Amino acid sequence: MKKILLFILIIYSTNLFSQEDPNIYDFFGGKAFGNKTVFFRLVFQINNGNINGYMYTDEQGKSETKSIIKGRFNSKTKRISFNE
């Protein structure tokens, strides 16, 4: 029997609706695997193309984790890349 892995990524940026520092971003999303969903949050700042911040999983849950992220923002392609 072939199993299908369902992957859904929903990202929401609170920065779109706030008057805060335009270089600080707060994203929320989730990955769905069948009937199980893992939620995460990315909070980072962009300075001169460098990204520094944190990634949270299961925020305020019993398996909460907080990891440091570092990466780059390419202003030409509008892409971000980071490592945890």
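A short reminder: the numbers here are calculations on the coordinates, not readings from a lab. This structure is a prediction, so every number in the text was calculated from the model and none was measured. FYI the Cβ positions are ideal-geometry reconstructions off the backbone, even for glycines, and counts take in every protein chain you see.
Listed values, structure above:
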| quantity | calculated |
| --- | --- |
| Euclidean distance between Cα centres, region 31-64 to region 65-84, Å | 12 Å |
| Charge dipole (region 27-84, unit charges on Cβ, about Cα centre) - positive-most of 30, 74, 42 | 74 |
| Protection-proxy order for peptides 31-41, 48-58, 69-79, each taking the mean of Cβ atoms within 10 Å per residue, highest first | 48-58, 31-41, 69-79 |
| Environment charge at residue 58 (Cβ cut-off 14 Å; Lys +1, Arg +1, Asp -1, Glu -1) | +3 |
